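Structure, as structure tokens:
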Amino acid sequence: MLSPAKLNLSLKILGKRPDGFHEIDTHMVKLHGLADELTITPSKKFTFTCDDESLPTGPENLVVKAVEALSKASGEKLKYDIHLEKRIPHGAGLGGGSSNAATTLLALNSQLEEPLNTDQLHSLAAEIGSDVPFFLYDGAARCTGRGEIVEALPNPSDVKVVLFKPDFSVPTKDAYESCLDVEPLPGIRFTKQRFANIDLENDLEKAVFAKYRYLAELKDWLLHRRDTKAVLMSGSGSTIFALLHDKGRPDSLIGSAQKYFDPNLWTWSGTL
């Protein structure tokens, strides 16, 4: 089963909640062309493996958490071998772990004799992670609360997008801990960008760029390319994405970025 990545076309931080989370308002879309692959096979017991040795496969992994949560909620022992082939870089702000968890919930729930209904599955997903409920549904969505309140939105159509991720990740904690009071880096554009009737903005950029100046310089450089219409960080980073003009050339932009910044810069191009 394919487990798609996501992008945050906007991410507004509205304040700190009593439960320790932040109140957010975000517009998210799925990237079906960029997806991990989960293979789920009936077995005598539950096992979880991954082709990426750097990814934890123990209780902290969201796939494992999804299996344990569904088993507890349904009262059934879920005996499956689950293998994950990673294509979405982790620690990138692309929602790979949350997508893996949601895909696991949907796949295994369909195998239950008495499957959980949509509301029950949604509640279970929200307990696993704030972004997990988004991946239970098709299409784009506005997500509010701490991210678990999902409202369907129309998908942007045929918009060219290019992703750029350096060889480091940004811990989500780093992005959120000072997001409400950090001073913005001078010379970097943080104002809204209008594209396809959407206001692109990310309130986490100021905090992340203050700690990871490389990302600020990457965004600024991309904004000055002739192929790009809008540039933003996705989620808490470290991926920066560029939306291109109709005649924009993804290959040319990727080649220039790898030449200017890093020949090993991870990239992906496709459409929203």
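Would you please name the residue that is nearest to Leu244 (Cα to Cα), looking only at residues in region 177-227 that are outside any helix (DSSP H, G or I) and among the β-branched types (Val, Ile, Thr)? Per the criteria, the residue is Ile198. Among the residues of region 142-150, none qualifies, meaning not one is of a type outside the set (Lys, Arg), in a helix (DSSP H, G or I) and not assigned by TED's automatic domain parsing to the domain that holds Arg249.
On the basis of being surrounded by 17 or more Cβ atoms within 10 Å (Cβ to Cβ) and either over 14 Å from the mean Cα position of the chain (by Cα) or not assigned by TED's automatic domain parsing to the domain that holds Pro59 (or both), does Leu153 make the cut? Spelling it out, it is not the case that Leu153 is surrounded by 17 or more Cβ atoms within 10 Å (Cβ to Cβ) and either over 14 Å from the mean Cα position of the chain (by Cα) or not assigned by TED's automatic domain parsing to the domain that holds Pro59 (or both). On the phi > 0 side of the Ramachandran plot and in a loop (DSSP other than H, G, I, E, B) - does that describe any residue in region 162-176? The answer is no, given that none of the residues of region 162-176 is on the phi > 0 side of the Ramachandran plot and in a loop (DSSP other than H, G, I, E, B). With under 20 Å from the mean Cα position of the chain (by Cα) and more than 30 Å from Phe195 (Cα to Cα) as the only criterion, which of Pro56, Pro4 stands out? Result of the check over Pro56, Pro4: Pro56. Looking only at residues in region 98-147 that are hydroxyl-bearing (Ser, Thr, Tyr) and under 21 Å from Tyr80 (Cα atoms), which one is surrounded by the most Cβ atoms within 10 Å (Cβ to Cβ)? Out of the qualifying residues, it is Thr104.
Here Phe195 does not qualify as aromatic (Phe, Trp, Tyr), in the same structural domain as Glu217 (by TED's automatic domain parsing) and under 14 Å from Lys219 (Cα atoms). Among the residues of region 196-215, which ones are at negative phi and surrounded by fewer than 23 Cβ atoms within 10 Å (Cβ to Cβ)? If the condition is that a residue be at negative phi and surrounded by fewer than 23 Cβ atoms within 10 Å (Cβ to Cβ), then Ile198, Asp199, Leu200, Glu201, Asp203, Lys206, Ala210, Lys211, Tyr212, Arg213, Tyr214 are the ones that fit. Being in a helix (DSSP H, G or I), assigned by TED's automatic domain parsing to the domain that holds Gly15 and more than 29 Å from Asp251 (Cβ to Cβ) is a property that holds for Leu106. Considering (1) touching a strand residue (DSSP E or B) at 6+ places or on another chain (Cβ under 9 Å); (2) more than 19 Å from Ile24 (Cβ to Cβ); (3) not in a helix (DSSP H, G or I), the lone condition that Pro115 does not fulfil carries the number (1). Checked against (1) under 22 Å from Arg146 (Cα atoms); (2) surrounded by 21 or more Cβ atoms within 10 Å (Cβ to Cβ); (3) not hydroxyl-bearing (Ser, Thr, Tyr), Leu84 meets all criteria but (1). Within region 253-272, residues that are loosely packed, with under 14 Cβ neighbours inside 10 Å have Cβ atoms under 8 Å from residues that are among the aliphatic types (A, V, I, L, M) and assigned to a helix (DSSP H, G or I) in no pair, counting only partners at least 6 apart in sequence or on another chain.
Could you please find all residues in region 227-244 being out of contact with any Gly (no Cβ under 8 Å at 6 or more places or on another chain) and without any contact (Cβ under 8 Å) to a residue 40 or more places away in the chain? Across region 227-244, the qualifying residues are Ala230, Val231.
The values are calculated or read from the model by the stated rules, or taken from the named source; none is laboratory data. All figures in this text were calculated on a predicted structure; none of them were measured in a lab. Positions of Cβ are backbone-derived with ideal geometry, glycine not excepted, and every protein chain shown enters the neighbour counts.
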